[in-house]
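The values are calculated or read from the model by the stated rules, or taken from the named source; none is laboratory data. Only a predicted model underlies this, so the values are computations on that prediction, with no experimental measurement involved. Positions of Cβ are generated from backbone atoms using ideal geometry, with glycine treated the same way; all protein chains shown enter the neighbour counts.
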Amino acid sequence: MQTIIGKDLNEAKILLQRNEVVGIPTETVYGLAANALNSEAVLKIFTVKERPHFDPLIVHTHAIGEIEKYVSEFPAKARMLLEAFSPGPLTVLLKKTAVIPDLVTSGLDTVAMRIPKQELSLQLLRQLDFPLAAPSANPFGYISPTSAAHVYHQLNGKIPYILDGGSCQVGVESTIVGFENNQVIVYRLGGLSLEDLERVAGTVIVNSISSSNPVSPGLLKSHYAPRTPFRLVTASEAASLNLQKNSAVIGFNEWLPGVPKDQQFLLSEKGNLNEAAKNLFAVMRQLDQMQLDEIVAVEFPEIGLGKAINDRLQRAAAKH
Ligand code: TXA
Ligand code: MG
């Protein structure tokens, strides 16, 4: 199978209607999309991604009114958050109806729903009469793709089409939240900051640290991992870093003294955490292709998207 990259909405639409799998852009990362209401189409996602069936998928739609079709309960806080942050990098876990195949949710009684903020994909979703199940478009466990070229690089020959929406504006996956007794629980830190969530929903509980969280199986301790040995250090450890020659450092905005500049990759020289998140996965991929002996990342400030960045860096380091 030849994989084509293009901006042809109609082509993407026809393929999806035929139950094929298509790479789609979102503001967070690229997704590997198929008709969420058709088990045969959904099965192809798992096959292409080499994803274990115990790891459920996110279902994408274009409006809150669409989400209502697929869920049996709509807690007030879920509605508040969706109204405040959709389209956007927010995924809500809600009790599902029987319309959603069990394969999509890995047998769980909740379905993960989100409205992506990406114009091409929103147009596509509006033109389809079914929602799209889509995990990040990377082989299971590897770094998520933030451009069409990233998807092509890894899935060339396995899917017919990648809809090219340019590079992702947010750069880390959506924040996943669930609802229990009027309480918001965060299962994955992501592109919507905790500060923003709490401004609308009040105090939230963060439950994403567990090493193998059965509620959100994608939150395995090791995930988003490059193949190159990967180490995460604190800012104070970085000050006296013992660095091998053939290695590189990922940092936020400050050059480390004593480390050659060509070995340092700053994610936002001007010190903007949103910009750093946008650049994170592209830089990790770039470094992973350089045959280095080691990649060292320096912890980010624990505010705003810095929390989600640190979460990804910890999981990347956990494998090594
Ligand atoms: O930003 C994103 O969320 C991207 C774009 C493509 O939308 N998607 C994404 O999908 O990151 P994926 O499959 O790589 O991660 C989805 C996560 C997994 O960790 C999965 O375990 C969790 O969502 N998940 C999905 N459905 C769930 C459910 N019903 N209950 C708990 N966790 C769920
Ligand atoms: Mg993923």
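Quick notes
- Residues of region 200-215 that are modelled with pLDDT of 55 or more and within 11 Å of ligand 1 (Cβ to nearest atom): 207, 208.
- Test: residue in region 149-162 that is buried (at least 20 other Cβ atoms within 10 Å of the Cβ), in contact with an Asp or Glu (Cβ under 7 Å, 6 or more places away or on another chain) and of a type outside the set (Ser, Thr, Tyr): no
- Residues that are within 16 Å of ligand 2 (Cβ to nearest atom) and either over 19 Å from the mean Cα position of the chain (by Cα) or of a type outside the set (A, V, I, L, M, F, W, C) (or both) within region 85-104 comprise 89, 91, listed in sequence order.
- Residue check, residue 151 touching a Phe, Trp or Tyr at 6+ places or on another chain (Cβ under 6 Å), assigned to a helix (DSSP H, G or I) and not charged (D, E, K, R): yes
- Residues in region 111-140 that are closer than 25 Å to residue 277 by Cβ and touching a Ser or Thr at 6+ places or on another chain (Cβ under 7 Å): 112, 113, 114, 115, 116, 118, 121, 125, 136, 138.
- Check on residue 29, within 15 Å of ligand 2 (Cβ to nearest atom), outside any helix (DSSP H, G or I), under 17 Å from residue 137 (Cβ atoms) and touching a residue at least 40 places away in the same chain (Cβ under 8 Å): yes
- Which listed residue is within 14 Å of ligand 2 (Cβ to nearest atom), under 23 Å from residue 77 (Cβ atoms) and either buried (at least 16 other Cβ atoms within 10 Å of the Cβ) or modelled with pLDDT of 95 or more (or both), from 189, 220, 197: 189
- Just one residue in the set 251, 306 is in contact with a helix residue (DSSP H, G or I) (Cβ under 9 Å, 6 or more places away or on another chain), within 30 Å of residue 78 (Cα to Cα) and modelled with pLDDT of 95 or more; that residue is 306.
- Pick from region 126-144, criterion more than 13 Å from ligand 2 (Cβ to nearest atom) and touching a Lys or Arg at 6+ places or on another chain (Cβ under 9 Å), ranking: nearest to residue 175 (Cα to Cα): 131
- Annotation note: of 144, 167, the sole residue that is more than 12 Å from ligand 1 (Cβ to nearest atom), within 17 Å of the chain's Cα centre (by Cα), on the phi < 0 side of the Ramachandran plot and not acidic (Asp, Glu) is 167.
- Filtering region 16-31 to residues that are closer than 16 Å to residue 123 by Cβ, of a type in the set (S, T, N, Q) and surrounded by 24 or more Cβ atoms within 10 Å (Cβ to Cβ) leaves only 26.
- Residues of region 57-84 that are buried (at least 23 other Cβ atoms within 10 Å of the Cβ) and either part of a loop (DSSP other than H, G, I, E, B) or of a type in the set (Phe, Trp, Tyr) (or both): 57, 61.
- Odd one out for residue 46 among (1) free of Cβ contacts under 8 Å to residues at least 60 places away in the same chain; (2) within 16 Å of ligand 2 (Cβ to nearest atom); (3) more than 26 Å from residue 170 (Cα to Cα): (3)
- Filtered by the rule that a residue be surrounded by 15 or more Cβ atoms within 10 Å (Cβ to Cβ) and part of a helix (DSSP H, G or I), region 124-148 gives 124, 125, 148.
- Test result for residue 96, within 13 Å of ligand 1 (Cβ to nearest atom), over 30 Å from residue 316 (Cβ atoms) and modelled with pLDDT of 95 or more: yes
- Selection of region 32-51 for residues being part of a loop (DSSP other than H, G, I, E, B), more than 11 Å from ligand 1 (Cβ to nearest atom) and surrounded by fewer than 24 Cβ atoms within 10 Å (Cβ to Cβ) yields 37, 38, 50.
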